[in-house]
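Encoded as structure tokens, the structure appears first; notes follow it.
The values are calculated or read from the model by the stated rules, or taken from the named source; none is laboratory data. Just so we're clear, the structure is a prediction, and the values are computed from it rather than from any experiment. Glycine gets a Cβ as well: all are built from the backbone with ideal geometry, and neighbour counts include every protein chain shown.
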Amino acid sequence: MIGDSSLDPEEPRPTSGEGGTMRLAGAALCLSLATLLAVHGCAPPPEKADRWAGPVALCFPEAGPEDAAAIGQVRKAAQTWMQNSGAIFYVLASCTAPPPGNAPPPVATIPIFFLTDLGAFAATDHLGNKLAAGGQIRLKAEYRFNDPICGDRGSVGQMGCLYGEAVHELGHALGFSHDHVSVNAPQCAGKVVSGEATDQKMTYYDSQSVMNYCNPRRWSGQLSQADICSVQVAYPRRGDRPRTAQECQQIAALSSQTGTARGK
Ligand SMILES: [Zn+2]
């Protein structure tokens, strides 16, 4: 389970029991994957074994009319990943709705729930295609309350918080893990309070990633150049220049040095 708090990395707050457990479970998942697959750590670029083989449908089993705008933000977040890769999400009006038009059927339908508890944490149960085994995504309904922690202390607005969170959680749904568990990550407040252990095998680090608690601008939902490179490696789009994981790692390392190479 990959749990995410709404922590601003510059403004730590105590870890609750539930949230801490969720995040530790996420770290354990990374470590177990690295062990089982003998991969080079549990790097943010989706591992081959976690990638989807086709479109993924998203639906909202408990959403009401008051959640319509929030669903719009999830749709926008899905578009952010889709516009930069060959990944395909269908954001369905109902969990039994067919895919749009003559589109191919989804390989899985993943339910998304909006959490109305201010103390709750956003979470994605598993990375990538492991979600197909009954996993779900939970987003914090920032639009129903004013969370002073989220979004650079509120600068992105309540809907902006939800959008940034949705981009991050859909990143997990595509197979991305967290940058801040890298051995090259700083001991930022967001990492420290998350309780996630450092992955000693993971050298990949992108300071600008939406998957990085140490990136104070992650709430903007803006994909970094390395995020874009990585999603294109995992989900190539016909006609795009082929990318490699090595190229992405170089981009991540460079942007982490300069802090300037950001996605558009
Ligand atoms: Zn996360």
> Which one is modelled with the lowest pLDDT among residues in the stretch 121-143 that are buried (at least 20 other Cβ atoms within 10 Å of the Cβ) and among the aliphatic types (A, V, I, L, M)?
Replying inline: Ala141
> Which of (1) modelled with pLDDT under 95; (2) part of a loop (DSSP other than H, G, I, E, B); (3) not aromatic (Phe, Trp, Tyr) does Asp206 not meet, given it meets every other one?
Replying inline: (1)
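Looking at the stretch 239-250, can you tell me whether even one residue there is more than 16 Å from the ligand (Cβ to nearest atom), modelled with pLDDT of 90 or more, of a type in the set (Lys, Arg) and touching a Gly at 6+ places or on another chain (Cβ under 8 Å)? Give the steps one after another, and end with the answer.
So in the stretch 239-250, the residues more than 16 Å from the ligand (Cβ to nearest atom) come out as 239-250.
Imposing the further condition that a residue be modelled with pLDDT of 90 or more reduces the set to 239-250.
If we keep only those that are of a type in the set (Lys, Arg) as well, we get 241, 243.
Now narrow it down to the ones that are touching a Gly at 6+ places or on another chain (Cβ under 8 Å): none.
Within the stretch 239-250 (the criterion being more than 16 Å from the ligand (Cβ to nearest atom), modelled with pLDDT of 90 or more, of a type in the set (Lys, Arg) and touching a Gly at 6+ places or on another chain (Cβ under 8 Å)), the answer is no, since none of the residues qualifies.
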>> Given the criterion among the charged types (D, E, K, R), out of contact with any Ser or Thr (no Cβ under 9 Å at 6 or more places or on another chain) and within 13 Å of the ligand (Cβ to nearest atom), identify the matching residue among Asp125, Asp117.
In response: Asp125
> Of the residues Gly154, Gly160, which single one is surrounded by fewer than 18 Cβ atoms within 10 Å (Cβ to Cβ), under 22 Å from Arg218 (Cα atoms), modelled with pLDDT under 90 and more than 14 Å from the ligand (Cβ to nearest atom)?
Replying inline: Gly154
> Identify, please: which residue in the stretch 81-114 is within 16 Å of the ligand (Cβ to nearest atom) and in contact (Cβ under 8 Å) with a residue 60 or more places away in the chain and is, among those, nearest to Val233 (Cα to Cα)?
Replying inline: Trp81
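Can you go through Ala185, Ala197 and tell me which one is of a type outside the set (D, E, K, R), surrounded by fewer than 18 Cβ atoms within 10 Å (Cβ to Cβ) and farther than 19 Å from Ser85 by Cα? Before the answer, list the steps.
Details: Ala185 fails: surrounded by fewer than 18 Cβ atoms within 10 Å (Cβ to Cβ).
Checking each option against the conditions leaves just Ala197.
In this structure, is Ala245 among the aliphatic types (A, V, I, L, M), under 23 Å from Thr80 (Cα atoms) and buried (at least 24 other Cβ atoms within 10 Å of the Cβ)? Lay out the reasoning, then the answer.
On the way: among the aliphatic types (A, V, I, L, M): yes; under 23 Å from Thr80 (Cα atoms): yes; buried (at least 24 other Cβ atoms within 10 Å of the Cβ): no.
In short, no.
Do you know which residues across the stretch 183-201 are within 15 Å of the ligand (Cβ to nearest atom) and touching a residue at least 60 places away in the same chain (Cβ under 8 Å)? First the steps, then the outcome.
Narrowing the stretch 183-201 to residues within 15 Å of the ligand (Cβ to nearest atom): 185, 188, 190-191, 193-197, 199.
Listed by number, the residues that qualify are Cys188, Gly190, Lys191, Val193, Ser194, Gly195, Glu196, Ala197, Asp199.
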